[in-house]
1. When you go through (1) within 29 Å of Leu16 (Cα to Cα); (2) modelled with pLDDT of 95 or more; (3) not hydrophobic (A, V, I, L, M, F, W, C) one by one for Ser80, which number turns out not to apply?
2. Across segment 178-199, which residue is modelled with the lowest pLDDT among those that are in contact with a Cys (Cβ under 9 Å, 6 or more places away or on another chain) and under 17 Å from Asp142 (Cα atoms)?
3. Just need a number here: residues in segment 20-51 that are in contact with a Phe, Trp or Tyr (Cβ under 8 Å, 6 or more places away or on another chain), in a helix (DSSP H, G or I) and either exposed (fewer than 14 other Cβ atoms within 10 Å of the Cβ) or of a type in the set (Asp, Glu) (or both).
4. Given the conditions (1) out of contact with any helix residue (DSSP H, G or I) (no Cβ under 7 Å at 6 or more places or on another chain); (2) at pLDDT below 95, report the number of the one that Pro141 does not fulfil.
5. Select from segment 1-19 the residues that are touching a Ser or Thr at 6+ places or on another chain (Cβ under 6 Å) and assigned to a helix (DSSP H, G or I) and list them in ascending order.
6. Being touching a helix residue (DSSP H, G or I) at 6+ places or on another chain (Cβ under 8 Å), exposed (fewer than 13 other Cβ atoms within 10 Å of the Cβ) and basic (Lys, Arg) narrows it down to one of Arg200, Arg242, Arg185, so name that one.
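The values are calculated or read from the model by the stated rules, or taken from the named source; none is laboratory data. Bear in mind that the values here come from a model prediction, so they are computed numbers and not experimental data. Note that each Cβ is placed from the backbone with ideal geometry, even for glycine, and that neighbours are counted across all protein chains shown.
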Amino acid sequence: MEKLGLGDARQILAMLKGEEIASSKLSPRLTALLRQEGLLMLKNNGSRCKYRIAEAMRESCRTLLVQDFGLKCSLEEWISASSSMQTRADMVRMVGDSKAKKVNTFRGFLVDCYVQIDAMLDGKPFILHPMEGSSVFINQPDRFEIPKDVIVVGMENAENFMQIRLQRWLFDALFPGRQLLFVCRYPQENLEHLRSWLLRIPNHYIHFGDFDLAGVHIYLSEFYAHLGNRSSFLVPSDIEERLVEGNAALYNQQYARFRNMAVTDVRLQPLVNMIHHYRRGYEQEGYIFP
């Protein structure tokens, strides 16, 4: 089990209290973990960027600390104990058994839509039309069916999933008149349930993620590798304009890991070329407001 660093712990606590932190203050390892789980939100300010954790995701972040780092106490207590040089026995008591296993309590995934979809669940009619501010958790995905002409849109980041109505201008322009079902890959442990469902149905899957090297890698490895050309990556018509003003720090942070990434979906090569040309990335949260 990974060990949580004291510096990282203090930065997480600051974000849990509603503060924004400079992206450079968080270790690359923890940054990758929080972004993978859809917990970390980015705010661009020219060449600088800051991270924050949305209020709705703060409890999920605390749960992640328990699962991935084995904390058996609050983050505040752990920081206090670490700062005061507690004995090893005290730290074991607070961190717990390093062999403890993560338990996946929920099997399934979240869905949402802003236009009613007449679905089926366990062979019975199931009308999907969540109120704004809510979504539906499908805990029997093997019994969940949607019309074949519905496009499934995977939202990489949690904030984008929670704000689909604010991005309707984008989806209406790209997919006029089409019914869209939005799905969330968070938490990461439920990804396999979502992917198994996508493999079972004939519907087309479109991945809406970050326009950076890590975002492309997520799509290629987690979806395209399994779904092939029945999946595609959403690329808005104005992405080049946005990349010009994008985040250079984000690109530099990811370059060493993904510079030799094989772009197995050749349709994405122009986007990857643009990312390298401008040496910048663009967070999908930028599309929440036109």
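1. (2) is the only condition that Ser80 fails.
2. The extreme case among them is Asn190.
3. Number satisfying all stated conditions: 0.
4. In the conditions (1) out of contact with any helix residue (DSSP H, G or I) (no Cβ under 7 Å at 6 or more places or on another chain); (2) at pLDDT below 95, Pro141 misses (1) alone.
5. Leu6, Asp8
6. So the residue among Arg200, Arg242, Arg185 that is touching a helix residue (DSSP H, G or I) at 6+ places or on another chain (Cβ under 8 Å), exposed (fewer than 13 other Cβ atoms within 10 Å of the Cβ) and basic (Lys, Arg) is Arg200.
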